[in-house]
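Input: a single structure, listed below in C-alpha cells.
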Amino acid sequence: MTNLTLTAMTHGGEALGRDENGRVVFVPYAIAGEEVRVEIVESKKEFARARLVEVLKSSPTRVTPRCPHFGNPLSLSLTKGEPARVGCGGCQWQHIDYAAQLEFKTQIVREQFARIAKMPDAPVLPTRAAVNPWHYRNHTEFALNEKGELCYRALESHELIPIRECHILDAPLVALFETLQLEGADFNAVVLRAGENTGDKAILFKSSEADPPEIELDEPVSIYFQVGETVVTLIGKRAIEERIGARTFRISPLSFFQVNTPMAEVLLSLIQEFLAPNADEILLDSYGGVGLFGLSLANRVAHVIEIEQNPHAVEDARYNARDLANVEFHVGRVEDILPKLDSAVHLAVVDPPRAGLARAALEALAAKQPRAIAYVSCDPATLARDARRLVDLGYRVNKIQPVDLFPQTFHIECVAQFLRGD
C-alpha cells in the first residue's frame, strides 16, 4: 500500500499525486486535496495507476454519490479502509460537490492550454453550470448481458454492470427505461432517445440477427431495428424531432445530436455571440450534423455552407432546411471538401469529433480567412492543440468558454472564439 497527497484533477477524471520517487500516480474516485491510501494496479516508468483503498483526509467537496451503481462507496463517514467496488463507468464524479466539479473543469481547461497550446494566460472563463446537474441526458446506449439485462460498462473495463436506476437520464428516458422489459431478448445493444422539448421518444434495437423482434407497446414510442448499417422503422415515426430555439430538428436514428437539450441552447447562444453575424456574410458550418448551428443562424447571414460526412445527418439537415433558400450542403469529410470550396467564408462554426480538426481541414479553414471562428469542442486537449495551430496561422484566441454538458462526469465541452489578426 502507498500513501499519497493528491494535488490536482486530471483531464481523464482521476486525481493526481506523486509517490516517494516523484512518479505521477492516477487515482480514480479520489479528489484533489485529499490524503489517501492506494494500491498500485498498473506500474510504468513514468506513471502509475492506483486503486483507492482508504481516504485518510477527506476533501470538503466530497459528497455521498446518489447512484448505487457508482463505482466507489467511500464517504465522509467512512473510518476504515474499504476498497473500490466495480461500478458503472457512466459517471466518474458523483462523489464531488457540483460547484467543485465546475471549478475542476475550469482548471483542467486552463492546464491543457498551458501545457499543450503553450498559453499559460489563455482567456478561459469559469465553466458555465448546467441547467440540470441531474437527469439531463436525452440519449443513451445500453449493452445487454446474457440475462437480457440493460447494462453500462464498468470504468475502463468491458465488464457489464446491470443497471436498476440512472440519475443522469432525462425524465422521458427514465420512463422508457423503467417500462422496458427484454426477458430472453438477444440484442447487441439498446439505444434510448428522446426529444425533451417535443415529447418524442424512440428505442433502437441493435442486433446481429436479421429477424426483428415482436414488440408490445404501452405508450407512444417509435421503434427502430438495426442490423449492420441498415435501420428499419418497426413502429412509429422514421425519426424523432427536437426543438431548439425557434427551430425544430428532425433527428434520424443514426444522426448525432447534442445529448443535453437545455445546454445545446446555451451552445447556440454562445456561437451567435462569438460570431456576431452580419446579414451580408457567408457562414461555414463544418461537421454540421442535422444543422443545429448553421440552420439556426441562417436568417442572420446571406448564405450557409454545411459540410457533414454522415449521409443520414445530411438527409435530416436538408429536411430541416426545407423552409430556407440560402443553405447548401456538401457530403463528405471536411478535410476533403473544404480545400476545394470556391466560396468565400466570412464566419465559421466547427464542431468536430473528439479527435479535433484534421490538420488539412484546419489549414484549409485558416486559408479561407474567416473573420471569426466558433470552435465547439468535446475535448480540451485537442482544442488546445488546434488553438496553437490556428494562432500560428494568424488567429488569436479571444475567449474560451467551458460549458458543462456532462455533469457528474469528467467530460468538458468548450466553445472557443478565434478572431483573425490582432
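The values are calculated or read from the model by the stated rules, or taken from the named source; none is laboratory data. What you are looking at is a predicted structure, and each value in this text was computed from that prediction instead of being measured. Cβ atoms come from the backbone with ideal geometry, glycine included; neighbour counts cover every protein chain shown. Ligands, DNA and RNA are stripped out before the accessible areas are found, and what is left, the full protein with its side chains, is counted by its heavy atoms. Shrake-Rupley method; radii C 1.70, N 1.55, O 1.52, S 1.80 Å.
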Can you pull out the trypsin sites (Lys or Arg not before Pro) in the stretch 297-347 whose DSSP state is coil and whose Cβ has at most 13 other Cβ atoms within 10 Å? 322
Ratio of alpha-carbon Rg to the 2.2 N^0.38 Å globular estimate for the stretch 147-302, to two decimals, please. 1.22
Which of the three applies to the chain, rounded, prolate or oblate, going by the alpha-carbon gyration tensor with a ≥ b ≥ c and a/c under 1.5 meaning rounded? oblate
Under the 7 Å Cα-to-Cβ spin-label approximation, residue 179 and residue 273 lie apart by a distance in nanometres of 3.9 nm
Of every hundred units of 1.4 Å-probe accessible area on the chain, the number belonging to carbon and sulfur atoms, as a percent, is 49 percent
Kirkwood Rh and Cα Rg combined as Rg over Rh, evaluated for the stretch 119-238: 1.06
When every protein chain stays in place and a 1.4 Å probe is rolled, 248, 5 sorted by accessible area with the largest first are 5, 248
Highest to lowest packing among 125-131, 286-292, scored as the average C-beta count within 10 Å: 286-292, 125-131
With +1 assigned to the C-beta of every Lys and Arg and -1 to the C-beta of every Asp and Glu, and no other charges, what is the dipole magnitude of the chain about the Cα centre in debye, to the nearest 20? 1360 debye
Short version: ³J(HN,Hα) in whole Hz for each residue of the stretch 170-178, in order, from phi by Karplus 6.51 cos²θ - 1.76 cosθ + 1.60 (θ = phi - 60°), x for Gly and Pro, what are they? 6, 4, x, 6, 4, 4, 5, 4, 6
Shape of the stretch 263-373 from its Cα gyration tensor (a ≥ b ≥ c, root eigenvalues): rounded if a/c is under 1.5, otherwise prolate when a/b > b/c, or oblate? rounded
DSSP beta bridges in the chain, what fraction antiparallel, as a percent rounded to 5? 65 percent
Keeping all protein chains in the complex and leaving out DNA, RNA and ligands, what accessible area do you get for residue 1 with a 1.4 Å probe, in Å² to the nearest 10? 150 Å²
Over 29 Å between Cα atoms: which of 57/105; 147/201; 206/340; 44/105; 368/399 fall into that group? 206/340
If Lys and Arg each add +1 and Asp and Glu each add -1, what is the summed charge of the other residues whose beta carbon sits under 12 Å from the beta carbon of residue 112? +3
Ordering of 198-211, 134-147 by burial proxy (mean other Cβ atoms within 10 Å per residue, highest first): 134-147, 198-211
Surface per residue (accessible, 1.4 Å probe) for the chain, Å²: 44 Å²
So what are the ³J(HN,Hα) numbers for the stretch 5-13, from phi and the Karplus equation (6.51, -1.76, 1.60; θ = phi - 60°), rounded to whole Hz, Gly and Pro as x? 9, 8, 10, 7, 9, 9, 4, x, x
